[in-house]
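Some notes on the structure that comes next.
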Amino acid sequence: MLRTWFKSGMGQLGLRYMLIAAVTFCAYFVFLYFWTSLVHASYPVAVGISYGAALVIHFLANRSYTFRSGASAIRGQLLRYLITALLNYFVQILVIYTLFQLLGVNFYLAALVAVCANLVVGFVLQHNWVFAGR
């Protein structure tokens, strides 16, 4: 059953999405490390800047590689992507705040959990809405 899913179009799409997510994830944590450990920015500022930089990478890579919708009108996709990103940003802050501030979980572990939540929400919205008219 799992083998069939991986061979299906959805499986291929999921694998491409995970690859781009991994690249974006690494970039996000490099940015987070830079802003929290080297610049000593507060975590909301560090998350905001890091998230913004990762968004650019994520949008362009998913548009061209994952969903292969480079020929589609970018304006509508970008608007829908930004709405999705805003929703995911609030999820990110809420998860990090809850785990780090309220429960005392390590900041980087809290950020990792938040990224996982965004992975699911982001894929569903991008597949079914942002890049749906591929």
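Regarding residue 61, is this residue touching a His at 6+ places or on another chain (Cβ under 9 Å) and in a helix (DSSP H, G or I)?
Working: touching a His at 6+ places or on another chain (Cβ under 9 Å): no; in a helix (DSSP H, G or I): yes.
Judged against the criteria, residue 61 is not a match.
For every residue, the table says whether it meets (1) within 25 Å of residue 113 (Cβ to Cβ); (2) in contact (Cβ under 8 Å) with a residue 12 or more places away in the chain.
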residue	(1), (2)
29	yes, yes
39	yes, no
44	yes, yes
77	no, yes
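What are the residues in the range 65-79 that are assigned to a helix (DSSP H, G or I) and over 14 Å from the mean Cα position of the chain (by Cα), if any? Step through it out loud before you land on a result.
The initial filter retains those residues of the range 65-79 that are assigned to a helix (DSSP H, G or I), namely 65-66, 74-79.
Passing the criteria: 65, 74, 75, 76, 77, 78, 79.
With (1) among the hydrophobic types (A, V, I, L, M, F, W, C); (2) at pLDDT 95 or above; (3) under 19 Å from residue 132 (Cβ atoms) as the list, and residue 78 as the residue in question, which single condition is left unmet?
(2)
Take residue 106 and tell me if it is without any contact (Cβ under 8 Å) to a residue 40 or more places away in the chain, within 18 Å of residue 33 (Cα to Cα) and not hydrophobic (A, V, I, L, M, F, W, C). Please lay out each step first, then the result.
Values: without any contact (Cβ under 8 Å) to a residue 40 or more places away in the chain: yes; within 18 Å of residue 33 (Cα to Cα): yes; not hydrophobic (A, V, I, L, M, F, W, C): yes.
Criteria met by residue 106.
The rows are residues; the columns are (1) among the hydrophobic types (A, V, I, L, M, F, W, C); (2) modelled with pLDDT under 95.
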residue: 21; (1), (2): yes, yes
residue: 25; (1), (2): yes, yes
residue: 33; (1), (2): no, no
residue: 37; (1), (2): no, no
residue: 43; (1), (2): no, yes
residue: 46; (1), (2): yes, no
residue: 54; (1), (2): yes, yes
residue: 70; (1), (2): no, yes
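Could you look through the range 15-35, keep only residues that are more than 12 Å from the chain's Cα centre (by Cα) and buried (at least 17 other Cβ atoms within 10 Å of the Cβ), and pick out the one that is nearest to residue 60 (Cα to Cα)?
31
The values are calculated or read from the model by the stated rules, or taken from the named source; none is laboratory data. Quick caveat, the model's predicted, so the values are computed rather than measured. No Cβ is skipped: glycine too gets one built from the backbone with ideal geometry, and neighbour counts run over all protein chains shown.
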